Each structure stands twice: as C-alpha cells, then as structure tokens.
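Structure record follows, encoded as structure tokens.
The values are calculated or read from the model by the stated rules, or taken from the named source; none is laboratory data. Predicted model, so just to flag it, every value in this text is computed and none were measured. With ideal geometry, Cβ positions are generated from the backbone for all residues, glycine too; neighbour counts draw on all protein chains shown. When the accessible area is computed, the model is the full protein with side chains, heavy atoms only, and any ligands, DNA or RNA have been set aside. Shrake-Rupley method; radii C 1.70, N 1.55, O 1.52, S 1.80 Å.
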Amino acid sequence: MERYSKEQEEWDRFIRDSIGQNAVLVSVSKFSSDCRVYRVNDSIFKIRRFTPSSMRGRNNSFEDECLVMRQLSAVTGTPAVRGYKRMDRWEQLELELLPELHGYDPTFGMPHETFKDFWSVIAVTLQINRLGCSHGDLHWRNVGRNVKGGISVFDFDQACLASPWRCVMRDLFGFGTCERRSEFSLFNRLRYVQGVGVLLRAMVRLTKDVLAFLSRPHSSSLQRSRFAKSTFMQRVMLQEDLALKTLAEAWSIAARSKASAPDTDIAYYSIDIGGINFPGERPWILRWERIRKNLDFKGKRLLELGCNMGLLSIHAKLSGAAFCLGVDTDKDILLAANLASRAFGTNVEHRPVDLGDSFRWEEELNGFDIVSALSVLHWIEDKERVWSFISKHKEVLYEGHESEQEAEDNLRKAGFIHIVPLGTTERNRQMFYASRM
Ligand SMILES: C[S@@+](CC[C@H](N)C(=O)[O-])C[C@H]1O[C@@H](n2cnc3c(N)ncnc32)[C@H](O)[C@@H]1O
C-alpha cells in the first residue's frame, strides 16, 4: 500500500525539517496517528497533521490548548507554552519539558496510587480550577510525581475555560460543561487509589456484568452490525480502494477475535491510512518507531511468536525482510493477519501454533535470524520451553510482563550479550532488542 509508506515518509520529512533528526517520539494518539508528541532537549512538541481522523471533535486544536495553557502560567507543575506554529497541513505546539519530571515514576497513578498522591492531584486541580480552567482528562497517564515529591499535571487537550465552580464540577465528577463531559474525572481516578480501588473496581465489574446480562442477547451478528455502522467503516466504504476495504475486513475480524481485547470489540492496534483511523486499543506507530530505529530487517528472516494481526511482520517486510512467518494460537486473528498482509501487499506467511501445546512446534520453526516474543510469554505456562527456543536465535525482540530487571536477566540467561532497551510501551513495559554479538 503505497500511500501508507508515503504518509510515513511525509512524517519523517516534517519532523526532520521542523524539529530535527534527534527528536524522540514520546506518544501517539490511538485515535489518530497523525497526532504525535516528540521530545527535543528540554522541549515537548505536540504535532498534528490535519487529516479527517486527527481533526475529529474529541480534542482541542493545539491553538486552543495554547490559549488555555497560557492562563495557567502561575501554577507550578503545569508546563509553560513556548510557541505555536501553523504550517500548511500541520500545526505544532512547543511546551517546556517539566524539568522535575525527569524523576518521573512511571508506575505512579497505576492501580496502586496512595491517598497522599490522590490529595495532591486534587490540590493542583483546584488551583487550575480557581483560574477558570478545567483539565478534563485527569487520567493517571496525564499526571506525574515530580522529584520534589509534588504533582505535575500535563496534556491539556481536553481542557476548557469556564467559571471556577463549573470547572470543579467537571474535574471532580465529570459533569458536562465546555460542551462536553470530562473524559476522566477525579471521581473515576479514585479507582486507582489503594484500598478504595479494589472496592470500586469490584463494584464497576459487578455493574458491568449486570448490564451485560440485562442487555442480552449479545450475538456476534449484532456486534458485527454495530461495527458496520461505525464511522471508520463508513469512511472506508466511501473510498474506491480495494486494499483499504480488505484492511477494514481484517480489522473487523480482529476486533471480534478473542486474541484482541476479549471483552470489547476492538483490535489490538490502531493505525491511520489516508486520514482514516483503523481503531485499536493502542497506537502501532509508537511501537514501530522504537523497533525500526534499532533493528535492521533487510534480508533477514523473522519469526513472530504470538503475532496477533502480524503488523510487525508486515512492517519488517516493508523494510526489506527476506521472509516473515507469524504464528498464533487464535485462528480468527490469523485470518485477519492474512488479510492485513494482503492489503499491504506483503506476503507474510502465517501458521496456527499453540506455544503451550505438547506438539514439538520447535522442530518446525527453524532457520530464522530474528525471533520476536512481544507480550506473549505471559500467556504461556511453560516459559522455560519458549526461552530455550528463543535462546537458539541470534537476535530477539522481547517484551515481557516481568520487571525490566527480570526481563534483562532472562535475556542474559538465554545467552544474549548485547541487550538494548528500546523504550517503554504505553503499558509501561520495556521492550528489548538483544543479540549474541
Ligand atoms: C498481547 S498479544 C501480543 C501481540 C503481539 N505480539 C504484539 O505485542 O504486538 C498476545 C498474542 O499472543 C497470542 N497467544 C496467546 N497464547 C498463545 C499461545 N499459547 N500460543 C501462541 N500464541 C498465543 C494471542 O492470541 C495474541 O495474539
């Protein structure tokens, strides 16, 4: 799919020309990979290429965000605005990198927040509210503990200006103001506080189960028709492009498969092509950026364990890999992977393999230069067996659910000498490239 490669090249060119080669991709919106955040020295750059998916009404324009943030210059813990630029089909907002966030603890805010931290988030939020601004998305990812022990709040793309009491209501309880509700209020943040969290999460689960029970029947045909009505499907259908239609079919199979989020109809990764967002739980581009900067696939043979939709194999092929094979236990996801590979014009092969099976799959899967085991070992009981298989390869791409140190130890035990951390994923897990050389 030529347009996809062209769009990625356009991004590379824009970044190189506007903020420089050394820019580090920090995050990508899962709703549009045309909204990205980069870091250069002590600046953060939010960059958007205007496309239908990147302009869909969820977020403020960066110009609005800039206006809102200028009101907050007196609040410690919110980043200062350094500039806003609009260039043809692009906009760019430059912010100060909060210096104290160098000591940012990435686990903060995940489901073990302390009461003390929670109160500190409230205190900063109230300061912002007093100035007539509501943050509107107090998700744990948008708040960090700084090295001095204080709290910093960032990412104001859902923020709005209103009277102080309306701001408090929006940030505390998520009540609507500024035309829309808060995406994530302090009230639902309570779920992550130790003790309270366990109770609230149990209540939320129970309510969800009761609602799911009451809204039966939940047939897959019903889910399919809901998917067919989604804006993303409608936009694809308007295009006279067979590759996009094939990709949309792949995405709809992946969304329903058990290999993606089993409780919701959504694929594992989101990507954007031609301004259409193929929806997923997490942005593919962020992961690929870290891999492509550190690995050379040219002329190599890649084996992707637990491949899901096989996006890694597709991108490796697009970057010159000689041969790619994806294996997964889920037959539906392999059907989606086959369609996706066809849509991209890559001829990735796929095979159903259960890595936990007593069948000697190791004997069939040989002759590969790189093996990838991204977020797959966690689901397999006999991890030693898979590690022993991995250890027979020269290069490995690895992401586990264990701590960073344990992952590194496991790679060393498997005989890898050169171990490179590629960066944390959106779930705060480190990805590694390791080789024997
Ligand atoms: C969390 S997803 C990771 C997808 C992909 N590796 C990535 O990180 O981009 C885990 C994948 O492993 C597959 N999987 C789980 N258990 C497996 C098993 N026993 N054998 C092969 N694949 C398995 C699932 O079907 C799913 O597609």
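Miscellaneous remarks
- Accessible area (Å², 1.4 Å probe, nearest 10) - T264: 80 Å²
- For the set R49, R16, R201, solvent exposure ranked by accessible area (probe 1.4 Å, protein chains only) runs largest to smallest as R16, R201, R49.
- The chain: mean projected area of Cα convex hull, nm²: 22.0 nm²
- Virtual spin-label span in nm between K258 and R360, 7 Å along Cα→Cβ: 2.9 nm
- Highest GNM mean-square fluctuation among N294, N129, N308, for the chain modelled with Cα contacts below 10 Å: N294.
- Using the Cα coordinates of the range 303-429, the gyration tensor eigenvalues translate into equivalent-ellipsoid semi-axes of 23, 17, 14 Å, sorted from longest to shortest.
- Packing-based order for 268-275, 382-389, 365-372, using average beta carbon neighbours within 10 Å, highest first: 268-275, 365-372, 382-389
- Label-point separation, K383 to D42 (7 Å along Cα→Cβ), nm: 4.1 nm
- Rounded accessible area of V75 (nearest 10 Å², 1.4 Å probe): 10 Å²
- Were the residues from R130 through T207 laid out at 0.36 nm apart, the gain over their Cα-Cα distance would be 24.3 nm.
- Helix content alone sets the calculated 222 nm mean residue ellipticity of the chain: runs of n ≥ 4 DSSP H residues at -39500 (n - 2.57) each, divided across all residues, give -11000 deg cm²/dmol.
- Counting only protein heavy atoms and a 1.4 Å probe, the chain has 48 square angstrom of accessible area per residue.
- Counted over all Cα-Cα pairs of the range 2-99, pairs farther apart than 18 Å make up 47 percent.
- Estimated inter-spin distance, R16 and H418, nm [label 7 Å along Cα→Cβ]: 2.4 nm
- Beta bridges by DSSP in the chain, antiparallel share as percent, to the nearest 5: 65 percent
- Heavy-atom accessible surface of the chain: percent carbon and sulfur, 1.4 Å: 54 percent
- Within straight-line cross-link reach of K6, lysines at Cα separation under 17 Å, skipping those fewer than 8 residues along the same chain: K317
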